[in-house]
Amino acid sequence: EYLLPIGARYNAGSFTPVQVGDWVWVDFPYISHGQPDTRRPRIIGSAHFCPEGQPNTPHESWAGPESFNHQRTDEEPKPTAAQYHQSSVITQHGITVEYEPPGCYRVTHRATGTAFELNEQGVVLHSEQKALFSSKTNTKLIAGNQLTINVLAGDTILNVQSGNLSIKSAKNIIFEAGQNFIVKAKKFIEELG
């Protein structure tokens, strides 16, 4: 039996199961024949201990030797180095969630290095695999200053399966091709002015 965090209810709340080999604190809240019933322990928390001088907590929480080495491109801000006993860290089933000073929230898929990070410099969405974005209704991308899309290798396809494609610029529209410039249409309509 677990002592659950406040807010636990049917199909809601926070729950982390223990596994065989975990070190835990227990109490015995039930009474049998006037004595605590040791047949019905209640798990009230995980026990902190340091086998071979290393805490049994995620290494990111104390700058341990197995702290995750986050992957980033050259243009992405690099995560700050883990500090001893400064970060709140949760690692379960290959996912690490970090709350770091001075104000950073990061979720990392440890097997691939794919991560989402929110910090004072903005938002980083880093994928070591595919990155898929979808919505069943409207999708709007707004940049207050500049929007740049760099494709380092391979082709780029913009496919409007139903409806028009409109490109509008307050100033010039510039197309630059290293080789051929190909336009294919059923009809070409030219309007100037």
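So which of Gln19, Gln83 is farther than 30 Å from Ile149 by Cβ and not assigned by TED's automatic domain parsing to the domain that holds Tyr2?
None of the other options fit; the residue is Gln83.
Just one of (1) modelled with pLDDT of 90 or more; (2) basic (Lys, Arg); (3) in a loop (DSSP other than H, G, I, E, B) trips up Lys130, so point out which.
Among (1) modelled with pLDDT of 90 or more; (2) basic (Lys, Arg); (3) in a loop (DSSP other than H, G, I, E, B), Lys130 violates only (1).
Given the options Glu98, Glu76, name the one that is charged (D, E, K, R) and closer than 24 Å to Pro55 by Cβ.
Numbers: Glu76 fails: closer than 24 Å to Pro55 by Cβ.
Exactly one of Glu98, Glu76 is charged (D, E, K, R) and closer than 24 Å to Pro55 by Cβ, namely Glu98.
Can you tell me which residue is surrounded by the most Cβ atoms within 10 Å (Cβ to Cβ) among those in segment 47-59 that are in contact with a strand residue (DSSP E or B) (Cβ under 9 Å, 6 or more places away or on another chain) and of a type outside the set (Gly, Ala, Ser)?
Pro58
Are any of the residues in segment 133-142 of a type in the set (A, V, I, L, M, F, W, C), over 22 Å from Thr73 (Cβ atoms) and assigned to a loop (DSSP other than H, G, I, E, B)? Give the derivation first.
Looking only at segment 133-142, we keep the residues that are of a type in the set (A, V, I, L, M, F, W, C), and these are 133, 141-142.
Now narrow it down to the ones that are over 22 Å from Thr73 (Cβ atoms): 142.
Then keep just the ones that are assigned to a loop (DSSP other than H, G, I, E, B); that gives 142.
Yes, because at least one residue in segment 133-142 is of a type in the set (A, V, I, L, M, F, W, C), over 22 Å from Thr73 (Cβ atoms) and assigned to a loop (DSSP other than H, G, I, E, B).
Which of the residues spanning segment 60-79 are surrounded by 14 or more Cβ atoms within 10 Å (Cβ to Cβ), of a type outside the set (D, E, K, R) and either in a loop (DSSP other than H, G, I, E, B) or touching a Pro at 6+ places or on another chain (Cβ under 7 Å) (or both)?
Step one: of segment 60-79, the residues surrounded by 14 or more Cβ atoms within 10 Å (Cβ to Cβ) are 60-64, 67-68, 70-72, 76, 79.
Subset that is of a type outside the set (D, E, K, R): 61-64, 67-68, 70-71, 79.
The answer is Trp62, Ala63, Gly64, Ser67, Phe68, His70, Gln71, Pro79.
Six or more apart or on different chains, Cβ atoms under 6 Å: show the pairs whose first residue is in segment 17-46 and under 21 Å from His93 (Cα atoms) and whose second is in a loop (DSSP other than H, G, I, E, B) and not hydroxyl-bearing (Ser, Thr, Tyr).
Listed by first residue and then by second, the contacts come to Trp23/Ala47; Trp23/Phe49; Val24/Val18; Val24/Ala47.
Show the residue pairs that are 6+ apart or on different chains and have beta-carbon atoms under 8 Å apart, the first residue being within segment 119-135 and closer than 18 Å to Thr108 by Cα, the second being among the aromatic types (Phe, Trp, Tyr) and at pLDDT 90 or above.
Asn119/Tyr105; Val123/Phe116; Val124/Phe116; Leu125/Phe116; His126/Phe116
Failed condition for Ile189, given (1) under 29 Å from Glu76 (Cβ atoms); (2) outside the structural domain of Val97 (by TED's automatic domain parsing); (3) of a type outside the set (Ser, Thr, Tyr), with all others met?
Going through the list (1) under 29 Å from Glu76 (Cβ atoms); (2) outside the structural domain of Val97 (by TED's automatic domain parsing); (3) of a type outside the set (Ser, Thr, Tyr), Ile189 breaks only (1).
Identify the single condition in (1) of a type in the set (A, V, I, L, M, F, W, C); (2) exposed (fewer than 14 other Cβ atoms within 10 Å of the Cβ); (3) in a strand (DSSP E or B) that Ile43 does not satisfy, given that it satisfies every other one.
Of (1) of a type in the set (A, V, I, L, M, F, W, C); (2) exposed (fewer than 14 other Cβ atoms within 10 Å of the Cβ); (3) in a strand (DSSP E or B), only one is false for Ile43: (2).
The values are calculated or read from the model by the stated rules, or taken from the named source; none is laboratory data. Bear in mind that the values here come from a model prediction, so they are computed numbers and not experimental data. Using ideal geometry, Cβ is built from the backbone for each residue, glycine included, and neighbour counts are taken over all protein chains shown.
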